[in-house]
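Reviewing the structure listed below.
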Amino acid sequence: MTKILQIDASARVTRSLSRGLTNAFYQNWSASRPNDIWIKRDVGLNPPSAISEEWIASAFTPLDKRTPEQVAILRESDELLEELEPADIIVIGTPMYNYGMPSSLKAWIDQVIRIGRTFSFDLARGEQPIEPILTDKILVILASCGEGGFGFGEANASQNHLDTAIITASKLMGVTEHYVIRVEYQEFGDARHQKSVEDAHGKIPKLVQQLIQKIGDQ
Ligand SMILES: Cc1cc2nc3c(=O)[nH]c(=O)nc-3n(C[C@H](O)[C@H](O)[C@H](O)COP(=O)(O)O)c2cc1C
């Protein structure tokens, strides 16, 4: 049985294109594999807390030395990690806000990437002291943007700090393979946007089947 963690980050509910993509992914997957385990975490509607000085001090205090207050400060992070750690596939539906990710999604990332849980740090490793603890997770980013041309090698690629930032950070969540499907030109509402929506929704069933083939009988 495969475990899938779905994160939705749009502040919009009814008109959200990224939620439309995650929903299509879920529907396609469930039609083929109804018994897999899905966890849905809606950070757009319920943003995780921003981390604080106390949070950082708690995370860097060894488990057996934490005060009851420090244990309590990390409870939210623990709860989010209990969803992330067993996940084989992480599906993130996200808008582009101000050329990057929504603050709610960044807050989730800051809560789940944690020393001793998702990565280890050892200066004896030289210039690469950080190593992931988790491994073999697949990340699927289903994004929506108001403008366009954000793909690799395209005109506005250098302004895309959305999927690039998520992919970089995801290595510390144990992601070793990623896929991006993006809707563009939402703000223009023109033929480019229509085509982009159609293309994105056309890619989802193909990606679902590709991943199902890949995971086999898991
Ligand atoms: C606060 C805000 C900031 C945005 N910033 C950008 C941006 O920097 N670049 C862009 O291409 N689109 C931007 N957009 C447009 C959204 O990315 C677009 O509306 C997208 O479809 C939102 O995702 P959703 O449909 O899932 O809500 C912004 C929209 C909002 C509401």
So what's the angle, to the nearest 10 degrees on a 0 to 90 scale, between helix 103-112 and the longest Cα principal axis of the chain? 40
For the range 1-30, which trypsin sites (Lys or Arg not before Pro) are in a loop by DSSP, counting at most 15 other Cβ atoms within 10 Å? Arg12, Arg15
Folded to 0 to 90 degrees: helix 191-215 orientation relative to the chain principal axis, Cα: 50
If one builds a Gaussian network model of the chain from Cα atoms under 10 Å apart, the most fluctuating residue listed among Ile141, Ile92, Ile133 is Ile133
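Compute the accessible area per residue over the range 54-195, keeping the other protein chains in place, probe 1.4 Å, unit Å².
So the range 54-195 comes to 50 Å² accessible per residue, rounded to a whole number.
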With a point put 7 Å past each Cα toward its Cβ, work out how far Ser158 is from Asp217 in nm, to one decimal. 5.2
Placing +1 at every Lys and Arg Cβ and -1 at every Asp and Glu Cβ, with all other atoms neutral, what dipole size does the range 100-155 have around its Cα centre, in debye to the nearest 20? 240
Once you place label points 7 Å from the Cα toward the Cβ at Gln210 and Ser49, how far apart are they in nm? 4.0
With a cut-off of 8 Å between alpha carbons and a minimum separation of six or more residues, what is the relative contact order of the chain in percent? 23
Within the set Leu172, Leu45, Leu17, GNM on the chain using Cα springs under 10 Å gives the largest fluctuation to Leu45
Suppose we take every Cα in the chain and form the convex hull; what volume per residue is that in Å³? 143
For the chain, the longest principal axis of the Cα atoms and the Cα long axis of helix 75-84 enclose an angle in degrees, to the nearest 10, of 50
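So which of Lys137/Lys195; Lys40/Lys65; Lys3/Lys206 end up more than 29 Å apart by C-alpha?
Lys137/Lys195; Lys40/Lys65
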For the range 1-92, what % of the accessible area comes from carbon and sulfur atoms, probe 1.4 Å? 53
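The values are calculated or read from the model by the stated rules, or taken from the named source; none is laboratory data. Nothing here was measured: the structure is a model prediction, and the numbers come from that model. All Cβ positions, even for glycine, are placed from backbone atoms using ideal geometry, and neighbour counts span all protein chains on display. Just so you know, the surface numbers come from the protein's heavy atoms only, side chains and all, with ligands and any DNA or RNA stripped out. Shrake-Rupley method; radii C 1.70, N 1.55, O 1.52, S 1.80 Å.
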